[in-house]
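Report on the following structure.
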Amino acid sequence: MSTLASPITQEKQIFTLDAAHTTVAFTVRHLMISKVRGRFGAVEGAIELAPGSDVPAAVDVKIDAASIDTREAQRDAHLRSADFFDVENFSHLTFVSTHVEGTADDFRVYGDLTIHGVTRQVVLAGELEGRGPDPWGGERVGYSAKTTINRKDFGLVWNQTLELGGVAVGDEVKIELDIEAVLQK
């Protein structure tokens, strides 16, 4: 929920993602007994706000697949390989919104997510975290959002069967976003 009064204008506004203050994180089951968390360190994109609104009108994001970080170098190398993201052939993940509905405190961003060259529609549940001036004379906006996908829907099918049953990597991937963006003047 927004804690700052929004200086809303009557013209479309474009906010560019501040990569240093934006987190694209994920969680997936490991060995059927725990969860592994990771993030992508290189993200760029923009959020368009319609006149008089804090609800995004459009979102366009590009993520460098090679920037994956699970705090384990060997696992990260495997995730970059052809078994998973195949970063040599599919260097980026992208999300482009198709439409948005709801209020600033509870909105849904519908859009096309492309991973590993496969595009599927997903829905991000989001909310405005705040909006206001920064110390450098700019204006910023913050959002959080989340969704869950099945990695196999995007061609990420590698797995290993465990000796006592189950698999090494779960199919369900929870994605959480914390976004900070700067108004372009």
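Some observations on this one:
- Hits in region 58-73 - residues which are β-branched (Val, Ile, Thr), closer than 22 Å to Thr98 by Cα and either part of a loop (DSSP other than H, G, I, E, B) or in contact with a Gly (Cβ under 6 Å, 6 or more places away or on another chain) (or both): Val61
- If you go through region 129-153 and keep only what is of a type outside the set (Val, Ile, Thr), touching a Leu at 6+ places or on another chain (Cβ under 8 Å) and under 14 Å from Phe26 (Cβ atoms), you end up with Ala145, Lys146.
- Those residues of region 143-160 which are within 15 Å of Asp83 (Cα to Cα) and either without any contact (Cβ under 8 Å) to a residue 60 or more places away in the chain or polar (S, T, N, Q) (or both), in sequence order: Lys152, Asp153, Phe154, Gly155, Val157, Asn159, Gln160
- Of the set (1) surrounded by 13 or more Cβ atoms within 10 Å (Cβ to Cβ); (2) under 19 Å from Asp18 (Cβ atoms), all apply to Gly111 but (2).
Readers should treat all values here as calculations from the given coordinates under stated rules, not as data from a laboratory. In this text, all values refer to a predicted model and were calculated from it rather than measured experimentally. Cβ atoms come from the backbone with ideal geometry, glycine included; neighbour counts cover every protein chain shown.
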